[in-house]
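Colleague: Got a structure for you, questions after.
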Amino acid sequence: MRENPNPRNAQARLTLATVLRVQGLYDESDIACREIAGAGAHIYAAACLAENQALRGNVVAARKSFESMLADPLLPPATRGWLWTSLAELEERD
């Protein structure tokens, strides 16, 4: 049984979602992604879900999600860079 990180710790949730994703446990990863929003980090939750969506083969929908997030002019530069990297990885796999 996996240990649940603090529900208010978005970074712990994101790390958990990533570990589950690389293990191919996309449904469990989706749950962890949604919990990131509960910690107040909605854009990270959306990006996490989009990454899972792309790995399931829903590339068009995932791409639209990333493009929508990147359209926000108030996005912090570090977050924007992470989203661009995630989108580039999606494009490389497609």
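Colleague: For the chain, what is the convex hull volume of its Cα atoms per residue in Å³?
Modeller: So the per-residue hull volume is 86 Å³.
Colleague: Please work out how much length the chain gains when fully extended from Glu89 to Ser68, using 0.36 nm per residue of separation minus the C-alpha to C-alpha distance, in nm with one decimal.
Modeller: Residue separation times 0.36 nm, minus the Cα-Cα distance, leaves 5.9 nm.
Colleague: Let me check I've understood the local charge: for Leu90, count other residues with C-beta under 10 angstrom from its C-beta, Lys and Arg +1, Asp and Glu -1. What total comes out?
Modeller: Neighbour charge sum, excluding Leu90 itself: -3.
Colleague: Explain nothing, just the number: relative contact order of the chain, from Cα pairs under 8 Å at least 6 residues apart, as a whole percent.
Modeller: 20
Colleague: Additional query: Treating only the Cβ atoms of Lys and Arg (+1) and Asp and Glu (-1) as charged, compute the dipole magnitude of segment 1-86 about its Cα centre; round to the nearest 20 debye.
Modeller: 80
Colleague: Then there is this: Can you give the local net charge around Leu55? Use residues other than it whose beta-carbon is closer than 9 angstrom to its beta-carbon, Lys and Arg +1, Asp and Glu -1. Working shown, then result.
Modeller: Values: positive: Arg21, Arg56, Arg93; negative: Glu51.
Net local charge, Leu55 excluded: +2.
Colleague: Each label point is 7 Å from the Cα along the Cα-to-Cβ direction; what then is the distance between the points at Ala61 and Thr15, in nm?
Modeller: 3.0
Colleague: Does segment 13-60 come out rounded, prolate or oblate, given a ≥ b ≥ c as the square roots of the eigenvalues of its C-alpha gyration tensor, rounded meaning a/c under 1.5 and, failing that, prolate meaning a/b above b/c?
Modeller: Numbers: a/c = 2.40, a/b = 1.31, b/c = 1.83.
It comes out oblate by the Cα gyration axes.
Values quoted throughout were computed directly from the atomic coordinates according to the rules given, and no laboratory measurement underlies them. Small disclaimer: the values here were computed from a predicted structure and weren't measured. We place every Cβ from the backbone using ideal geometry, glycine too, and count neighbours over all the protein chains shown.
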